[in-house]
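Below is one structure, written out as structure tokens, with a few remarks after it.
The values are calculated or read from the model by the stated rules, or taken from the named source; none is laboratory data. These numbers come from a predicted model, not from an experiment. In this analysis, Cβ positions are derived from the backbone assuming ideal geometry, glycine residues included, and neighbour counts consider all displayed protein chains. Side chains are part of the model used for accessible areas, which takes the heavy atoms of the whole protein and leaves out ligands, DNA and RNA. Shrake-Rupley method; radii C 1.70, N 1.55, O 1.52, S 1.80 Å.
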Amino acid sequence: SEKLVDACANMFAMLTKDGYLLYYVARAMILACALDGEYYTAVNEENELVGFCLWMPPGKVIFSTWVPRHILIITRSQLTKTTVCILYLTEFPKFVAGCLGKSNWKDDFWFLHTLMVRPENQRQGVGRALMQPVRERVRISFTFEPIALSTTNQNNVPIYTSLGLRLLGSRVLPSPWGDWQLFVFSLDPQSAALLGEHSAENEDGKAPCSTKFQPPFNVPRWLLLTCCALATLDIVVYVYVARLLLSIPGQSYAGEIQMRNQYVGLDELYTSQPPLVNTSRYGPIMNMPRLSVQVSSAQPNKVTLEDQHRHLTNIGTLSPPDRHLQVSHNTHTVLQFRTMDFGMERCALVLRLPIVGESDASSANTTTLDICTLDAPRLLDPRVLSWETRPRCQKHMGTLVGRPGREVQLPDFPCPWGSLHTYEVACASDAPECNIDVWSNQHEPWGTF
């Protein structure tokens, strides 16, 4: 309010011992900071003014808009315009820039132009409270903008020092009101150390300051190296884990692990003469292929996803034991079986096709398939199996002529317990039409088993 501005200007004039001259200067400063900066006041319980402070944020300059209006008032008091301009616009900024070590300090610093407290209210924390809003704003904004100020009262030096500010330098400046002993302070929100010496001299040949402000982010070298080492270690670990999860190393597949015999001693029982036990007779047991993967000559390097029916449920990811038989002139299916039942060591390869439509029931609707035995003494890795990487064909095992709704099989062959049997199912070379695409599961055993 106008009343509060007037009270602050009167306090400024009273405390600087020149009421007529500095009253109007104080009003100009207060209005300028209220317009472009920060203006804080402190009142007591009777709502009487006890102190105020004026701040200009980074990038703002006091008097940039208000001094032209009040220069006439100052000249009425027989102060020359040249003296005022030299004091406020030349010598003072030059000295502050030398202390802060930045020619463009107005763009980087919060500058406290005025902080005044009535004598009877001093040493009660009023000054600290008036500075706190800007200090807190700088702290929570993470902009790391330093704070700077100047004072012409030597008695204020220990006060600002107790508030955590660092005295950067001092100099006597002439003014229309007598010589001013000017002191410049700075406070970095990160408590960065002041370093170096500013030996540059001003035009009068006097060294304006003995130290220079160090920019924020003064991180110790050992801490920086430690952070870099930890970041590098994290990246290496992440890359290693990602390689384990995403890579497809064929040599580490379970096929390298030898399968142990769980029927220890049963061979001696059944092969001894005379037999120590009677041999039981059971009907055929269906053995589904442990692996059924498609390879294509049209895409020789393509690896087909085996577990295509894997899906997410409320209890987690499920992989049903479905097997896919797909055969065409370009696509073959690689099957691998393992005999698991002791004593049932005669096997036969069976083909069963479903009836999809009325046309499938015709006896003329047949599909001729060639079965080739592959050279695969170990478990195949479906993650690397393609047309190019499939095992070579050892021998032609036989030909199956499939009809929808019927079951056909090849002659039986010996299949000792734990043995692997790998086949490649392809269309016969003389088959005019050949296209089979069926799925098998534990409820509907279609395809090859």
**Message:** Can you go through Thr399, Thr422 and tell me which one is open to solvent by less than 20 Å² (accessible area, probe 1.4 Å) and either at pLDDT below 85 or not basic (Lys, Arg) (or both)?
**Reply:** Thr422
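Each row is one residue, and each column tells you yes or no for (1) at pLDDT 80 or above; (2) small (Gly, Ala, Ser).
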residue: Ala129; (1), (2): yes, yes
residue: Ser150; (1), (2): no, yes
residue: Leu173; (1), (2): no, no
residue: Asp179; (1), (2): no, no
residue: Phe185; (1), (2): yes, no
residue: Glu197; (1), (2): no, no
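Yes/no per residue for (1) closer than 30 Å to Leu269 by Cβ; (2) surrounded by 12 or more Cβ atoms within 10 Å (Cβ to Cβ); (3) of a type in the set (A, V, I, L, M, F, W, C):
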| residue | (1), (2), (3) |
| --- | --- |
| Gly316 | no, no, no |
| Gln326 | no, yes, no |
| Leu380 | no, yes, yes |
| Arg403 | no, yes, no |
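This table checks each residue for (1) among the hydrophobic types (A, V, I, L, M, F, W, C); (2) modelled with pLDDT under 90; (3) in a strand (DSSP E or B).
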| site | (1), (2), (3) |
| --- | --- |
| Cys372 | yes, no, yes |
| Ala376 | yes, yes, no |
| Pro382 | no, yes, no |
| Glu388 | no, no, no |
| Val408 | yes, yes, yes |
| Trp417 | yes, yes, no |
| Pro432 | no, yes, no |
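Among the residues of the stretch 210-223, is any modelled with pLDDT of 70 or more, surrounded by fewer than 14 Cβ atoms within 10 Å (Cβ to Cβ) and within 26 Å of Gly125 (Cβ to Cβ)? First the steps, then the outcome.
So in the stretch 210-223, the residues modelled with pLDDT of 70 or more come out as 220-223.
Imposing the further condition that a residue be surrounded by fewer than 14 Cβ atoms within 10 Å (Cβ to Cβ) reduces the set to 220-223.
With the extra rule that they be within 26 Å of Gly125 (Cβ to Cβ), the set shrinks to none.
Scanning the stretch 210-223, I find no residue that is modelled with pLDDT of 70 or more, surrounded by fewer than 14 Cβ atoms within 10 Å (Cβ to Cβ) and within 26 Å of Gly125 (Cβ to Cβ), so the answer is no.
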**Complete:** Log entry, pairs with first residue in the stretch 131-158 being under 25 Å from Phe95 (Cα atoms), second being modelled with pLDDT of 80 or more and charged (D, E, K, R), beta carbons closer than 7 Å, six or more apart or on different chains, reads Val134/Glu38; Ile147/Arg135
